[in-house]
Amino acid sequence: MTNFLLKCFVKDYKEVQDPAVRARYGVLSGGVGIACNLLLFAAKLFAGLMTGAISVTADAFNNLSDAGSSVVTLFGFRMSARPVDKEHPFGHGRLEYLSGLIVSLLIMLVGVELLSSSVQKIFTPEETLFSWLTVGILGGSVLVKLWMCLFNRKLAKTIDSAAMRATAMDSLSDVAATLTVLTALLITHFSGFSLDAYAGVVVALFILWTGFRSAKETGDLLLGKAPDPKLVREVEKTVLDHDEVLGIHDLVIHNYGPGRLMMSLHAEVPGEGDIMQLHDVIDGIEQELREKFHCDAVIHMDPILIHDKKVAEMCQKVVALAKEIDERITVHDFRMSERPAHCRLIFDMAVPYAVRRSDQEIRAEMTRKVEELDPRFTAVIGIDRS
């Protein structure tokens with residue numbers, strides 16, 4: 001069914017890196033969500049008013065909020081596909097993340113309201129009526145929501161969309177919520193003990209948990225989530241596959257929305273090499289990264305002296321001192337500026353976030369260790385967190 005809809009409504013649906021195609025995926029997801037949720041809202045509201053069950057009415061308004069969320073998602077995808085302009089040189093891709101966050105906040109707002117209403121019903125219970133029509137409506141809703149979950153999950157996986165993952169998670173929580181309401185209605189009917197208000201509380205908690213998880217995922221992307229380790233390894237391998245590159249460091253990947261990456265890195269090259277030839281190699285690697293990862297790539301070329309024995313030996317000593325502070329720390333961009341009266345050792349230290357010591361503490365200890373090697377030495381240290 002999903003493939004059929006894609007072929008019918010998404011032109012060039014296999015070109016998922018194209019912002020225009022992504023927008024069409026968003027329109028399809030939003031349109032399906034609006035249609036299905038409005039239908040479920042109308043059916044459940046009718047059943048809730050007919051039986052007086054607060055849990056069924058709560059579930060109905062949950063579907064109404066989902067319809068509103070689909071409108072926001074659709075708008076977000078359409079806006080994110082807008083081309084770059086003077087004010088937004090990296091495009092509008094993060095609007096997709098923003099729409100996902102708004103969806104999550106709307107979900108939590110509905111959860112708070114339904115939780116309040118359900119708790120009130122526990123202390124002021126009202127008689128509810130049982131109807132097999134209501135059971136049928138709820139059962140049909142479960143099937144529709146299961147399909148919507150699978151539908152949005154497939155779309156999210158295809159185009160790597162946080163907003164659609166949030167929608168899929170919401171549909172799955174709707175399945176659990178509706179099953180809870182259905183179970184409570186059946187138990188109430190056959191046992192005589194009313195669970196309607198309690199089922200409403202459970203539905204509200206489902207909604208709140210779903211909203212929180214979705215908000216966290218999209219919020220992380222807006223704040224600047226660390227890149228996928230698999231992507232980092234692939235970038236490193238692509239660059240290091242070139243014999244002229246001896247090592248890389250300071251890799252930074254900025255996410256400006258799905259399909260809108262910008263990366264920069266430092267590539268170490270032989271200082272004795274032909275600078276024009278090396279520059280040509282670096283230009284070629286930048287182009288390779290752009291084509292392979294659909295990104296903007298900038299590489300800073302760092303020349304290092306690989307045949308200077310004195311520099312190499314001193315570098316090894318500095319590396320060993322860094323390992324004394326923490327085995328996970330590495331050293332790069334090592335240079336020596338030697339004068340008759342003093343010698344400056346200039347280098348950067350890559351410190352993993354897992355190392356809890358502050359940059360100031362690490363720099364102070366490393367400076368002390370370098371000066372203990374020789375009083376003439378002065379350390380000029382840069383700290384990179386990685």
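A few notes on this one:
- Flag if ASP59 is among the acidic types (Asp, Glu), buried (at least 21 other Cβ atoms within 10 Å of the Cβ) and within 31 Å of the chain's Cα centre (by Cα): yes
- When PHE123, PHE151 are checked against the criterion of being touching a helix residue (DSSP H, G or I) at 6+ places or on another chain (Cβ under 6 Å) and aromatic (Phe, Trp, Tyr), a single residue qualifies: PHE151.
- GLU327 meets the conditions (1) free of Cβ contacts under 8 Å to residues at least 12 places away in the same chain; (2) more than 24 Å from LEU251 (Cβ to Cβ) in every case but one. The failed one is (2).
- Within segment 12-30, the set of residues being of a type in the set (Lys, Arg) and surrounded by fewer than 12 Cβ atoms within 10 Å (Cβ to Cβ) comprises just one member, LYS14.
- Residue selected from segment 99-121 under the condition among the polar types (S, T, N, Q) and in contact with a Ser or Thr (Cβ under 6 Å, 6 or more places away or on another chain), by the criterion farthest from ALA23 (Cα to Cα): SER104
- Among residues of segment 134-152 that are touching a residue at least 40 places away in the same chain (Cβ under 8 Å), those with a beta-carbon under 9 Å from a residue that is surrounded by 14 or more Cβ atoms within 10 Å (Cβ to Cβ) and not in a helix (DSSP H, G or I) at least six positions away or on a different chain give the pairs THR134/ALA53; ILE137/SER131; ASN152/SER161.
- Just one of the listed residues (GLY100, GLY93) is of a type outside the set (A, V, I, L, M, F, W, C), in contact with a Lys or Arg (Cβ under 7 Å, 6 or more places away or on another chain) and closer than 16 Å to ALA156 by Cα, namely GLY93.
- Flag for VAL245 being part of a loop (DSSP other than H, G, I, E, B), at negative phi and surrounded by 19 or more Cβ atoms within 10 Å (Cβ to Cβ): yes
- Test: residue in segment 214-230 that is aliphatic (A, V, I, L, M), more than 30 Å from SER69 (Cβ to Cβ), out of contact with any His (no Cβ under 9 Å at 6 or more places or on another chain) and not assigned by TED's automatic domain parsing to the domain that holds GLU288: no
- The residues in segment 117-138 that are part of a helix (DSSP H, G or I) and either at pLDDT below 85 or surrounded by 14 or more Cβ atoms within 10 Å (Cβ to Cβ) (or both) can be counted, and the count is 11.
- Filtering VAL27, VAL32 for residues that are modelled with pLDDT of 85 or more and in the same structural domain as LEU179 (by TED's automatic domain parsing) leaves a single hit, VAL32.
- For VAL269, the conditions (1) in contact with a strand residue (DSSP E or B) (Cβ under 8 Å, 6 or more places away or on another chain); (2) assigned to a helix (DSSP H, G or I); (3) of a type in the set (A, V, I, L, M) are fulfilled apart from (2).
- Residues (without any contact (Cβ under 8 Å) to a residue 24 or more places away in the chain and not in a helix (DSSP H, G or I)) located in segment 180-194: GLY192, PHE193
- ASP85 being surrounded by fewer than 17 Cβ atoms within 10 Å (Cβ to Cβ), over 26 Å from LYS292 (Cβ atoms), within 26 Å of the chain's Cα centre (by Cα) and modelled with pLDDT under 85: yes
- Condition check for PHE61: of a type in the set (Phe, Trp, Tyr), assigned to a helix (DSSP H, G or I) and assigned by TED's automatic domain parsing to the domain that holds SER29: yes
- One residue alone among ALA215, ALA226 is farther than 30 Å from GLU288 by Cβ and aliphatic (A, V, I, L, M), and that residue is ALA215.
- Scanning segment 288-322 for residues that are in a strand (DSSP E or B) and without any contact (Cβ under 8 Å) to a residue 60 or more places away in the chain yields CYS295, ASP296, ALA297, VAL298, HIS300, MET301, ASP302, PRO303, ILE304.
- Of all residues making up segment 215-227, the number that are without any contact (Cβ under 8 Å) to a residue 24 or more places away in the chain, surrounded by 12 or more Cβ atoms within 10 Å (Cβ to Cβ) and assigned to a loop (DSSP other than H, G, I, E, B): 0
- Residues located in segment 333-353, provided they are within 30 Å of the chain's Cα centre (by Cα) and either within 13 Å of LEU373 (Cα to Cα) or not in a loop (DSSP other than H, G, I, E, B) (or both): ASP348, MET349, ALA350, VAL351
The values are calculated or read from the model by the stated rules, or taken from the named source; none is laboratory data. Computed from a prediction, not measured in an experiment: that's the story for all the values here. All Cβ positions, even for glycine, are placed from backbone atoms using ideal geometry, and neighbour counts span all protein chains on display.
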